[in-house]
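Notes follow the structure.
The values are calculated or read from the model by the stated rules, or taken from the named source; none is laboratory data. Computed from a predicted model, the values in this text were never measured in an experiment. All Cβ positions, even for glycine, are placed from backbone atoms using ideal geometry, and neighbour counts span all protein chains on display. The protein model used for the area step is the full one, side chains on, heavy atoms only, and it has no ligands, DNA or RNA in it. Shrake-Rupley method; radii C 1.70, N 1.55, O 1.52, S 1.80 Å.
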Amino acid sequence: MISDRTDPAAIARRILQRRDQLGLSEGMLAYRTHMSPAYLRQLLCAGPEFDREAFLRIATALGTTWSELLTGRRPDAPPGQADPAAPRPLLLHLTGPQCWELLGTHGVGRVGLPGRAAPVVLPVNYTVDARTVVYRTAAQGAAAPTEGSPASFQVDHVDDHRSNGWSVLILGEAHRIDDPDEQRRLSARPGATPWAGGARPLWVRISPSEIAGRRLGTE
């Protein structure tokens, strides 16, 4: 049975109420959470099970907690204040070198590409090569971009119970790698073999124009 704890509409209502309370526009909240407004709207419709890490970033940007987003504020909590006994989450900006260092420690991210009706966001395993991100996919698959199309790539690692973790977002262009020698070189790198299996001959490189990251911790 759906309760306020699991109902996306109830959670979205609490988020919008808190956003209005803080005087934030949709764009400002999207900026604070380091995501596009379109993805933010998709999250509010889908609910926390779609992307729990993103909802934790929303809670932090709104100055509230994961528990309060799910269940609402405690009845005895003073208006506008979180539980004083709970540690306050902090969102810290990462430098470019820190972002690349973190990207090199993980193997799965989400690539965002233009779609017909809305942006398409898909999980892929990847490798980092000379400060670019490279992955393989099917030639006609959903993760196969047109040459030079705008692309984003995001990697998160968040522990929602401890309220800490990090997120890195790349914005740039997607390019197809057709050179056989380059493909052979990349195939020897860790993470280059597609986890999904099957025929995935298309190599894609995302060349960033921007990279930004945030680390989530507590006081």
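Considering region 1-23, the residues that are at pLDDT below 85 and of a type outside the set (Asp, Glu) include one that is surrounded by the fewest Cβ atoms within 10 Å (Cβ to Cβ), namely Met1. Within region 127-146, count every residue that is closer than 13 Å to Ile170 by Cα and out of contact with any helix residue (DSSP H, G or I) (no Cβ under 8 Å at 6 or more places or on another chain). Total satisfying the criteria: 1.
Residues that are of a type in the set (A, V, I, L, M, F, W, C), out of contact with any Gly (no Cβ under 6 Å at 6 or more places or on another chain), surrounded by fewer than 20 Cβ atoms within 10 Å (Cβ to Cβ) and more than 22 Å from Tyr31 (Cα to Cα) occur in region 120-130; there is at least one.
For His157, the conditions (1) under 21 Å from Gly104 (Cα atoms); (2) open to solvent by less than 30 Å² (accessible area, probe 1.4 Å) all hold with the exception of (2).
Restricting attention to region 24-36, the residues being open to solvent by 50 Å² or more (accessible area, probe 1.4 Å) and in a helix (DSSP H, G or I) number 4. In the set (1) surrounded by 14 or more Cβ atoms within 10 Å (Cβ to Cβ); (2) part of a strand (DSSP E or B); (3) not hydrophobic (A, V, I, L, M, F, W, C), the condition left unmet by Pro145 is number (2). Scanning region 25-35 for residues that are touching a residue at least 12 places away in the same chain (Cβ under 8 Å) and either out of contact with any helix residue (DSSP H, G or I) (no Cβ under 6 Å at 6 or more places or on another chain) or acidic (Asp, Glu) (or both) yields Glu26, His34, Met35.
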